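Here is the structure we will look at, set down as structure tokens.
The values are calculated or read from the model by the stated rules, or taken from the named source; none is laboratory data. Since the model is a prediction, treat every value here as computed from it, not as a measurement. No Cβ is skipped: glycine too gets one built from the backbone with ideal geometry, and neighbour counts run over all protein chains shown. Keep in mind that these areas ignore ligands, DNA and RNA; they rest on the heavy atoms of the full protein, side chains included. Shrake-Rupley method; radii C 1.70, N 1.55, O 1.52, S 1.80 Å.
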Amino acid sequence: MAHAALLTGVEEFIAEHVLPLDDEHDGDVEAAGGELLRVRLQAGARERGLLTPHGPRDLGGLGLGMVERAPVFEAAGRSLFGPMALNVNAPDEGNIHLLDVVATAAQRERYLRPLVQGEMRSAFAMTEPAPGAGSDPSLLTTTATRVAGGWLVSGRKWFITGADGAGFYIVMARTSGEPGAPGGATMLLVPADRTGIKVDRHIGTIDRSMLGGHCEVTFTDVVVPDADVLGGVDEGFRYAQVRLGPARMTHVMRWTGAAQRAHEVAIRHVASRRAFDGRLADLGMVQQLIADSEIDLAATRALLLHACGELDEGGRASPSTSIAKTFAAEALNRVVDRAVQMCGALGVSDELPVAKIARELRPFRIYDGPSEVHRWAIARRAVRRVSGS
């Protein structure tokens, strides 16, 4: 399918089949049907040739590069359920990319193929309660201990998105060194039905659109054979970078779609609402809000495409992805906050989709690296570049 036809197909599918369900249930995926909803919407996407546009072609995906993904993922993101419907939602989207780059042939068949084809979901288990890994992954405390033929994994993870109902986990565990050491982590593929795994609870968060929740999960002496080590032993942090840069950018793509929708809703409102002897849209204060949001959206897309171009060329693009992610997370929140303000009381109600988008978008300034951590990294790179130290 040509890229233009794919984009048109996604736009029509989201508008006709996904957005109405999203709005009816205020973006609450469990209220809308949960796993059954995912299966139904993905079946519709599959019938239209839209499923998993970023997945490898040899396993049933459409093989889009990063730049090609941007408008398609943005179109999906206009609905909070859209990424799930196209199988481009986190964490599955990032896991598909990671497995495509790192997995062995056997791992591709066992884990990647069913993920690409929408036959199961997955989760990425790295974050831990304090004093474990969070924004500083080197603090990793979950351990994988060598035994005959494999490893025993033990530890506690939390805020693991999509954990409830996932078919397998990609678990980051320490195989050497102590917490705080710069290396010594390994990624392991762990089927969710393996003995010793317990989803302890869903952690309550302000967002409601992520299928499988954000969970606390305990691993107790979970057996993982050598065949399910993903990549090299003690090289997990290096492989994490394979996943994180592109995943940050696809987050930007999806949330740009949501922010664009909120912006358009607000413009339609102020263009039709009359007060103070004219349209709200003719007031200078409102025009400034609209213009500032137009600027934030344009700048977000420009930074995104620059970083995606570097990734498509095979670079790590760490500076570019950090800059784009930090700017976008804050700029898109500004866009949606302005939309709330322009819509007045309706902007904080469920009469319009603006309030739910504001609710769902706010965590983006935290996950995949809080803005403050990215700024720290950006500043360190700038100092090294200029001063040489």
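Out of 190, 223, one residue alone is part of a strand (DSSP E or B), within 28 Å of residue 88 (Cβ to Cβ) and either modelled with pLDDT of 95 or more or touching a helix residue (DSSP H, G or I) at 6+ places or on another chain (Cβ under 9 Å) (or both). It is 190.
For (1) in contact with a helix residue (DSSP H, G or I) (Cβ under 6 Å, 6 or more places away or on another chain); (2) touching a residue at least 24 places away in the same chain (Cβ under 8 Å), each residue gets a yes or a no:
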| residue | (1), (2) |
| --- | --- |
| 320 | yes, no |
| 325 | yes, yes |
| 328 | yes, yes |
| 334 | yes, yes |
| 342 | yes, yes |
| 348 | yes, no |
| 351 | no, no |
| 365 | yes, yes |
| 372 | no, no |
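The single condition from (1) surrounded by fewer than 19 Cβ atoms within 10 Å (Cβ to Cβ); (2) more than 18 Å from the chain's Cα centre (by Cα) that residue 366 fails is (2).
Got at least one residue in region 322-338 being more than 29 Å from residue 240 (Cβ to Cβ), among the acidic types (Asp, Glu) and more than 19 Å from the chain's Cα centre (by Cα)? Yes, there is a match, as at least one residue in region 322-338 is more than 29 Å from residue 240 (Cβ to Cβ), among the acidic types (Asp, Glu) and more than 19 Å from the chain's Cα centre (by Cα). For region 95-115, the criterion of being in a loop (DSSP other than H, G, I, E, B), under 23 Å from residue 171 (Cβ atoms) and open to solvent by 10 Å² or more (accessible area, probe 1.4 Å) is met by at least one residue.
Just checking, how many residues over region 321-342 are under 29 Å from residue 269 (Cβ atoms) and open to solvent by 10 Å² or more (accessible area, probe 1.4 Å)? Number of matching residues: 9.
In this structure, residue 302 does not satisfy being small (Gly, Ala, Ser), farther than 30 Å from residue 101 by Cα and either open to solvent by 40 Å² or more (accessible area, probe 1.4 Å) or touching a residue at least 60 places away in the same chain (Cβ under 8 Å) (or both).
Residue-by-condition table, conditions (1) farther than 29 Å from residue 52 by Cα; (2) assigned to a loop (DSSP other than H, G, I, E, B); (3) in contact with a helix residue (DSSP H, G or I) (Cβ under 8 Å, 6 or more places away or on another chain); (4) open to solvent by 50 Å² or more (accessible area, probe 1.4 Å):
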site	(1), (2), (3), (4)
84	no, no, yes, no
130	yes, yes, no, yes
157	no, no, no, no
171	no, no, no, no
181	yes, yes, yes, no
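Taking interchain pairs and intrachain pairs at least six residues apart, which have beta carbon atoms under 7 angstrom, with the first residue in region 242-271 and without any contact (Cβ under 8 Å) to a residue 24 or more places away in the chain and the second open to solvent by less than 20 Å² (accessible area, probe 1.4 Å)? Hits for this filter: 271/281. For the residues 240, 259, the requirement of being open to solvent by less than 40 Å² (accessible area, probe 1.4 Å), within 30 Å of residue 324 (Cα to Cα) and in contact with a Leu (Cβ under 8 Å, 6 or more places away or on another chain) singles out 259. The set of residues in region 24-57 being in a loop (DSSP other than H, G, I, E, B) and more than 22 Å from residue 71 (Cα to Cα) consists of 25, 26, 28, 29, 30, 31, 32, 33. Just checking, does region 372-379 include any residue being in contact with a strand residue (DSSP E or B) (Cβ under 9 Å, 6 or more places away or on another chain) and over 23 Å from residue 67 (Cβ atoms)? No: region 372-379 contains no residue that is in contact with a strand residue (DSSP E or B) (Cβ under 9 Å, 6 or more places away or on another chain) and over 23 Å from residue 67 (Cβ atoms). Residue 72 - would you say it is crowded, with 24+ Cβ neighbours inside 10 Å, β-branched (Val, Ile, Thr) and in a helix (DSSP H, G or I)? Criteria met by residue 72. Within the set 311, 303, 297, the sole residue that is touching a Phe, Trp or Tyr at 6+ places or on another chain (Cβ under 6 Å), part of a helix (DSSP H, G or I) and either of a type in the set (D, E, K, R) or closer than 21 Å to residue 77 by Cβ (or both) turns out to be 303.
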